[in-house]
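The next block holds one structure in the form of structure tokens; read it before the comments.
What follows is calculated from the coordinates using simple rules that are stated; it is not laboratory data. Everything numeric in this text was worked out from a predicted model, so none of it was measured. Glycine gets a Cβ as well: all are built from the backbone with ideal geometry, and neighbour counts include every protein chain shown.
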Amino acid sequence: MTGLLYANVMAELLEDVRRGQLRAGSRVPGELELARRFSVSRITTRRALDLLARAGIVERSRGRGTFVSATLPDLDRVRADLGLAGPGSVVGASTLGLLLPDFAEAYGLDLVRGVEAACTSRGHSLLLRRTYGERGAEEAGVTALMRAGAQALIVFPVHGEHYNPVLLQAVLGGFPIVLVDRYLRGIPAPSVATDNVSAAAALTRFLLDLGHREIAFVSPPIENTSSLEDRFAGYRSALEAAGLPVRPELALHALESSLPLHLRPENVRIDVARLEAFIAAASGVTAFLVAEYTLALAVTHTLRALGRRVPEEVSVACFDSPTDPLGDALFTHVRQDQEAMGRRAVDLAVTRLEGQEVPLRNPVAFEIVPGRSTAPPPHRKEPSP
């Protein structure tokens, strides 16, 4: 057999129905028996039977088994709808769905490019839908993409989510889903993401090596968003490794203007007011580690409005930052390999479609890119060469 393993199982079972070896109302061999027959995993045969049930070829009953439907649809139409070629062969291409809050040059655009490039190179179709960071839109998006024919989903979860019941039901039901950018605690779906603990620790060490000792951490609310929780954990671990205290008053987790649908003038003004109060209370801070690029812009704007020079007096570093055509970065930042993230997510989704298990955690590379926003603190100058 060639192509997607579950598709080969479907094709052979459809042929059994066509030839009359499986008649209307007759019992279909169970998942384990089919797994032995086709030398595949039980996950693969379960996937094949579930798709045949959705197509009306079989009916599945818990405790009784699987039976050929009493009234069968047109087999050629079903074969075409399922993406199967002629008898005994299948088309290896599939339809994948990509669900994400939004995408922009600073973050997300290269992720989409990586997914699209991997799908195109392998002959897969791609459906895309945005959630704008809303849980209800995410729930609707999962359902809509599945109904539109997506055979696997790549999902960039919304901010602050703990349990999306529709997503959880799909995962527990065996639907192939791969998460990107972050993972969801309690949902056993594979994820592809930067090791945010290591990345934030490396960025903090960069500031420490410049001589900064009073380093603040700024982010949106971090609860139930694994990427932000891990970035704060990395910041803490680097300070502790340097023998410095982790001071709660130097962490601000209340900014929301960078979240999808929140980038409005009134929300920006609220965040700037919060930053002004925070900076005034933390007057000894010489560096800011900011969890997101858009918030790094807000921090820099607020510092300069308060008469603080960046980077001469205060340094700012963040995650992700666009670079100009000459490669000069505005901010010193963690550059995440978004294209690799997208390509890897497609690989894992297709592997899941083939009925194979994949690791739950799949880290991608990152690098620290120096930019124009950081310098040694005023009291410490670089030694002369």
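At an R0 of 22 angstrom, the distance between the Cβ atoms of R264 and T95 translates into a FRET efficiency of 0.05.
With 0.36 nm allotted per residue and the present C-alpha distance subtracted, the Q356-A148 stretch has 72.5 nm of extension available.
Between A117 and A53, the modelled labels are 4.0 nm apart [label points 7 Å from Cα along Cα→Cβ].
Only Lys, Arg, Asp and Glu count, each charged at its Cβ (+1, +1, -1, -1), so figure out the dipole size of segment 2-128 about its Cα centre, rounded to 20 debye. Value, rounded to 20: 720 debye.
Between L32 and R304, the simple label model (points 7 Å from Cα in the Cβ direction) yields a spacing of 6.9 nm.
Spacing of the modelled spin labels on R247 and T323, each 7 Å from Cα toward Cβ, amounts to 3.4 nm. Within the shell of other residues whose beta carbon sits under 11 angstrom from the beta carbon of G141, the net charge comes to +1, with Lys and Arg scored +1 and Asp and Glu -1. Each Lys or Arg adds one and each Asp or Glu subtracts one; over the other residues with Cβ under 12 Å from the Cβ of A11, this totals -1.
If you look at the Cα atoms of the chain, you get an Rg and a Dmax of 25.5, 87 Å.
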